[in-house]
Amino acid sequence: MSWWCSATREPWSWAFRAYPGIWVAMLTLIAGYGWSWHRHHRGGSPVAPCDRRKRWWFALGMAVLWLATDWPLGTLGAGYLATAHMVQYMLYTLVAAPLLLLGIPDWMVRPAVERFRLGPALRFLARPVVAGIGYNLVLIATHAPFTVDTFRSSQVGSMLLDVTWLLSGLLLWTPLASPLRELRHPSPAVQCVYLFLAAGAIAMVPGGMLTFADFPLYRTYELAPRVYGLSAGDDQQMAGILMKIGNIPIVWTVIFVIFVRWAMRDGEAARPAEMAASAGSGSG
């Protein structure tokens, strides 16, 4: 039994592998969230409909996070397939992170932010330019061959890689989905351009390097036992393609939602003015 997923030379099989460290980490996050919820509502105050939705968002985010970390995907990504490694990364940063942010209410984080005076630092990190650069620096650094081969070789290193990915995903989505309203950028146009550049366009560069490399870049996956005969070169190429275009459905869906809400909000704002204008012309 291993504490966390890590690279191994054992042939791949679908035999279940237990990772108690992952279970403890996930259950700790769930317990902390539940305890905060109980403490906030222990006086019998009614739960707002928006807070009920947040509980579902958090539950879904935790489910995705657990899926990406534990067996079998975590095992495959840590020591067998670069493609599974890339799927993990995308689940952490593009799915679990925004769902978790949507699931955390303002009252759960604001007291800690005020107590430890984190407001100025968070406002700086939430700037689109800062968040976008930070996210992509993590993307490039954590997918460099030296980083992958060094960190995937141990359980602690693999855990640090997972945590870093999740934190970078939270950073990426803070200007759009932060629990604290003041950290979200107010302009829908800026949000759309930011998300396209930070999570869509820049990732094509390292993705292209993986796709068109003439030889395997990662020793971890080149020397790993083969899974269903998939060669290391083909595996790396699939991982690169996934990095290049796998984010497109998520990024463009979110941009579409932002655009629709923007149009609806402008339409609602313009309606009173149109009604007043029509009423004025009628009375005249």
Fill in the blank from the handout: Reported set for segment 1-20 where residues are in contact with a Ser or Thr (Cβ under 9 Å, 6 or more places away or on another chain) and over 22 Å from residue 147 (Cα atoms) is 12, 17, 18, 19, 20
Practice task
Take segment 202-212 and flag every residue that is surrounded by 15 or more Cβ atoms within 10 Å (Cβ to Cβ) and of a type in the set (Gly, Ala, Ser).
Solution key: 203, 207
Exercise for the section: Spot the failing condition for residue 229; the list is (1) at pLDDT 95 or above; (2) closer than 30 Å to residue 6 by Cβ, and only one is missed. Expected result: (1)
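Quick check, is residue 103 surrounded by 21 or more Cβ atoms within 10 Å (Cβ to Cβ), within 22 Å of residue 240 (Cβ to Cβ) and not hydroxyl-bearing (Ser, Thr, Tyr)? Spell out the reasoning first.
Details: surrounded by 21 or more Cβ atoms within 10 Å (Cβ to Cβ): yes; within 22 Å of residue 240 (Cβ to Cβ): no; not hydroxyl-bearing (Ser, Thr, Tyr): yes.
Spelling it out, it is not the case that residue 103 is surrounded by 21 or more Cβ atoms within 10 Å (Cβ to Cβ), within 22 Å of residue 240 (Cβ to Cβ) and not hydroxyl-bearing (Ser, Thr, Tyr).
Looking only at segment 99-114, which residues are aliphatic (A, V, I, L, M) and part of a helix (DSSP H, G or I)?
At the first step, the residues of segment 99-114 found to be aliphatic (A, V, I, L, M) are 99-102, 104, 108-109, 112-113.
Of everything in segment 99-114, those that are aliphatic (A, V, I, L, M) and part of a helix (DSSP H, G or I) turn out to be 99, 100, 101, 102, 108, 109, 112, 113.
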Practice task
Would you be able to say whether some residue in segment 112-130 is surrounded by fewer than 17 Cβ atoms within 10 Å (Cβ to Cβ), of a type in the set (Val, Ile, Thr), over 16 Å from residue 179 (Cα atoms) and at pLDDT 95 or above?
Solution key: yes
Practice task
Kindly check whether there is at least one residue in segment 127-150 that is polar (S, T, N, Q) and more than 15 Å from the chain's Cα centre (by Cα).
Solution key: yes
Practice task
State whether one or more residues within segment 183-199 are crowded, with 16+ Cβ neighbours inside 10 Å and within 15 Å of residue 85 (Cβ to Cβ).
Solution key: no
Practice task
Output the residue which, of all residues in segment 17-48 that are over 23 Å from the mean Cα position of the chain (by Cα) and of a type in the set (A, V, I, L, M), is modelled with the lowest pLDDT.
Solution key: 47
Completion exercise
Over segment 1-45, the set of residues among the aromatic types (Phe, Trp, Tyr) and in a loop (DSSP other than H, G, I, E, B) is 3, 4, 12, 14, 16, 19
Handout entry: Filter result for residue 117 (closer than 25 Å to residue 175 by Cβ, in a loop (DSSP other than H, G, I, E, B) and out of contact with any Leu (no Cβ under 8 Å at 6 or more places or on another chain))
Key = yes
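Of the residues 56, 35, only one is surrounded by fewer than 19 Cβ atoms within 10 Å (Cβ to Cβ), in contact (Cβ under 8 Å) with a residue 12 or more places away in the chain and not acidic (Asp, Glu); which?
On inspection, the qualifying residue turns out to be 56.
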Practice task
Of the numbered conditions (1) outside any helix (DSSP H, G or I); (2) touching a residue at least 24 places away in the same chain (Cβ under 8 Å); (3) more than 15 Å from residue 127 (Cβ to Cβ), residue 196 fails exactly one; give the number of that condition.
Solution key: (1)
Exercise for the section: Select from segment 199-219 the residues that are at pLDDT below 95, hydrophobic (A, V, I, L, M, F, W, C) and outside any helix (DSSP H, G or I) and list them in ascending order. Expected result: 202, 203, 213, 215
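The values are calculated or read from the model by the stated rules, or taken from the named source; none is laboratory data. As the structure is a prediction and not an experimental result, all values here were calculated from the model. Methodologically, a virtual Cβ is constructed for each residue, glycine included, from the backbone with ideal geometry; neighbour enumeration extends over all protein chains shown.
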